[in-house]
Amino acid sequence: MSPKRILIDTDPGIDDALAFLLALASPEVSLEGITTVHGNVSAPQTTRNALSVLELARASQIPVYQGCDLPLVKESLLSPETHGDSGLGYANLPEPTTKAQAQHASDFLIETILSNPNEMTLLCIGPLTNVALALRKEPRIAQNVKEVFVMGGALFHPGNTTAQAEYNTYVDPHAAHIIYHSGMPITLTPLDVTYQCIFTPDDLKRLQKIDSPITKFIADSTRFYMEFHDEYQRIEGCVINDPLTLALTFMPEICDYQNLVADVDVSSGVGLGNTFADVYNYDKKTPNLRVALGVRPRQFMELFLERMESLAQKIS
Ligand code: BDR
Ligand code: CA
């Protein structure tokens, strides 16, 4: 079977960077472009981080397109406490030697999806601003994209940004609202499953047996991320939301899913950015999201660790 052709819309971000590495280490997918968005850090910084991580993994041939630096309606909300001021924790990657493409991220998404009908898998692991803008500019992408995987939301799990809201959804809830109601075939990976997938200090030790710039980057970036999880959530290790979402594109059996009528709260108040589902479907609507609600964490972690080991062995 030929590899799945994927585009990643992202705000790197420590776990975003790990998702790139997992994509590059996985023959089941072919990463054809990265679009960057504001989120964990500003859009210029997420762009720089994407280029640096690609260079680290010797994958600078993959084009990067910068997108929106502000949410559609709200003010922006960066997350230096979670990902550090640079967005990559304690990692200190050199200034990239390559540059982003001139085209805006949303236009690249539109052009690529429309010129490859039913071919492109879109993975969204940051706030959804670029994708919402693309949908408003060219609604036909909804019928032409093959499938969309979104890391976002917290249905029955507490939020990680407010009591109810997950970060990517809270940062641009209006964009999430547009995507959820777009009619695109969406699989959602909420905190309900990602918070069961913890990259532990022992997992890191296993990777560090291989001396490589890849394992050094993973150690330097996740040390910061682990300190955040310890200080804010009393979790030993760190939650790698974005790589789990990437893994589902080619290994869907890691999770169990429910087709649900789901929505995001865009009213002002304590629920802003909350993703919720009408589980009993009181309104008798057609489900709009396939939501991952069960997960086999060790199956995912083994996949992640094995792929990181093989990438690290190639890049020394
Ligand atoms: C999401 O928010 C970001 O901080 C992570 O990169 C992930 O995409 C988790 O809520
Ligand atoms: Ca992210």
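The values are calculated or read from the model by the stated rules, or taken from the named source; none is laboratory data. It should be emphasised that the depicted structure is a prediction, and the values quoted were computed from it without experimental measurement. Ideal geometry is used to build each Cβ from the backbone, glycine not excepted, and the neighbour counts take in all protein chains shown. Accessible surface areas use protein heavy atoms only, side chains included; no ligands, DNA or RNA. Shrake-Rupley method; radii C 1.70, N 1.55, O 1.52, S 1.80 Å.
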Inset, instruction - Filter region 164-185 for residues that are open to solvent by 50 Å² or more (accessible area, probe 1.4 Å) and more than 12 Å from T275 (Cα to Cα) and give the result. - result: H181, G183, P185
Inset, instruction - For residues that are in a loop (DSSP other than H, G, I, E, B) and in contact (Cβ under 8 Å) with a residue 12 or more places away in the chain, tally how many sit in region 38-69. - result: 14
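Which ones in region 77-93 are open to solvent by 50 Å² or more (accessible area, probe 1.4 Å) and either within 16 Å of ligand 2 (Cβ to nearest atom) or under 16 Å from E227 (Cα atoms) (or both)? Can you show your working first?
Taking region 77-93 as the starting set, the residues that turn out to be open to solvent by 50 Å² or more (accessible area, probe 1.4 Å) are 77-78, 80-81, 85, 90, 92.
Matches in region 77-93: L77, L78, P80, E81, D85, Y90.
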Legend entry - Evaluation of S182 against (1) within 16 Å of ligand 1 (Cβ to nearest atom); (2) over 14 Å from the mean Cα position of the chain (by Cα); (3) more than 19 Å from F304 (Cα to Cα) (one fails), failing number: (1)
Inset, instruction - Consider L293 carefully, then state whether it is of a type in the set (A, V, I, L, M, F, W, C), part of a strand (DSSP E or B) and either farther than 20 Å from T189 by Cα or open to solvent by 10 Å² or more (accessible area, probe 1.4 Å) (or both). - result: yes
Inset, instruction - Return a yes/no flag: does region 236-248 have any residue that is surrounded by fewer than 21 Cβ atoms within 10 Å (Cβ to Cβ) and part of a helix (DSSP H, G or I). - result: no
Inset, instruction - Kindly indicate the residue of region 138-149 that is more than 12 Å from I178 (Cα to Cα) and in contact with a helix residue (DSSP H, G or I) (Cβ under 7 Å, 6 or more places away or on another chain) and also surrounded by the fewest Cβ atoms within 10 Å (Cβ to Cβ) among those meeting that condition. - result: R140
Legend entry - Top-ranked residue in region 1-41 [being closer than 23 Å to I315 by Cα and polar (S, T, N, Q); ranked as farthest from ligand 1 (Cβ to nearest atom)]: S30
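Could you tell me whether F217 is assigned to a helix (DSSP H, G or I) and either modelled with pLDDT under 95 or within 16 Å of ligand 2 (Cβ to nearest atom) (or both)? Lay out the reasoning, then the answer.
Values: assigned to a helix (DSSP H, G or I): yes; either modelled with pLDDT under 95 or within 16 Å of ligand 2 (Cβ to nearest atom) (or both): no.
Spelling it out, it is not the case that F217 is assigned to a helix (DSSP H, G or I) and either modelled with pLDDT under 95 or within 16 Å of ligand 2 (Cβ to nearest atom) (or both).
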